[in-house]
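Trainee: Got a structure for you, questions after.
Here, each number is a calculation from the coordinates, and none is a lab measurement. Just so it is clear, the model here is predicted, and its values are computed rather than measured. We place every Cβ from the backbone using ideal geometry, glycine too, and count neighbours over all the protein chains shown.
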Amino acid sequence: MPKAKKPKYHAGTATIIGLPNAGKSTLLNAIVGEKLAIVTAKAQTTRTALNGVWTGENTQIVFVDTPGLHKSDTVINRRMMQAVRAALDAIDVIVFVVDATKPISEEINQAIDLVKKPGTPVILVLNKIDQIHEKAKLFGIIEQFQALHPFDAYVPVSAKKGDGIEELRKAIAAHLPVAEALYPDDHLTDVPSRFLAAEMIRERILILSRQEVPHSVAVLVDEWEDKPAVIRIAATIYVERAGQKSIIVGAGGAMIKQIGTAARVEMEKFFDKKIFLELFVKVKPDWRNQPEFLNELDWRRMVNDRDA
């Protein structure tokens, strides 16, 4: 009896794009099975392209999570949109995520124009289906999108609950080239640990602070000492105005203590190690329009500095 042929291995890159709050970061986390991207209810939580790797039996998909599509009115916003456009170059699949509970808007139409790249398959992901109680409505929503663009696949999911994730992996794998794995089986991301730690701190700030603070906050890890029993981290939270610093610090330091405790718990779960965390707060006016400071926030710069 002839020996069964081993299935061919498929590997490639899939970029996740969509409007703010469509659930892109939640989707990335659900697919790779780890919390790589921070998630909040506030728009523009994701500021740069992050990658996450999922490896199956005969497939490896390198996902790139991108900032939500929006108007570029500051230097940081323009960089965010540049990150989106760069993530659409030299890839195998585009994963276009929409909030299935919201009607099709002009912003959606503009986003569809962006994904119309000749030769690149585009998969439409209808997210948040757990909020649609009459599932028959999904057929009507799919028909509306079919009229706008002939997507290569239509996959309803609930990134929050994990519904449809396996179907999405299969739909993406069907459009990947036959190729060897790009990373070892246990590889999760190229993003340095110090950047992930800074993002965990920023996530706690976005969740706990008032509306006027979130977009004015940046976090940089100044010191990272990985010892056998503990990781010692010192990080600075940057804001643009003194009033914002007062909010972050809180009465008697209560807010900064709450932020630090919550961030430390998240880090200990992710890094599986005891964390000693020190937080400082500094005012840096108009940092969102300062290219040199924005370079310091870029995780790719951290990788280059680490490897130098």
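Trainee: What list do you get for Met200, Met267 if you sort them by fewest beta carbons within 10 Å?
Mentor: Met267, Met200
Trainee: When a footprinting reagent is the concern and you count Cβ atoms within 10 Å, what order do Ser105, Ser25, Ser158 take, fewest first?
Mentor: Ser105, Ser158, Ser25
Trainee: Another question, then. Can you pull the Rg over Rh of segment 193-307, Cα-only, Kirkwood?
Mentor: Radius of gyration relative to Kirkwood radius: 0.96.
Trainee: For segment 193-307, what is the percent of antiparallel DSSP beta bridges, rounded to the nearest 5?
Mentor: If we restrict to bridges inside segment 193-307, about 45 percent are antiparallel.
Trainee: Further, regarding this structure: Run the count for segment 165-285, please: Lys pairs, Cα-Cα under 19 angstrom, 8 or more apart or on different chains.
Mentor: 9
Trainee: If the only charges are +1 at each Lys and Arg Cβ and -1 at each Asp and Glu Cβ, what is the size of the charge dipole of segment 193-307 around the Cα centre, to the nearest 20 debye?
Mentor: 340 debye
Trainee: Right, another one. Place +1 on the Cβ of every Lys and Arg and -1 on the Cβ of every Asp and Glu in segment 196-272, take the dipole about the Cα centre, and give the residue among Ile248, Ile233, Gly260 whose Cα lies farthest towards its positive end.
Mentor: Positive-most Cα among the choices belongs to Ile248.
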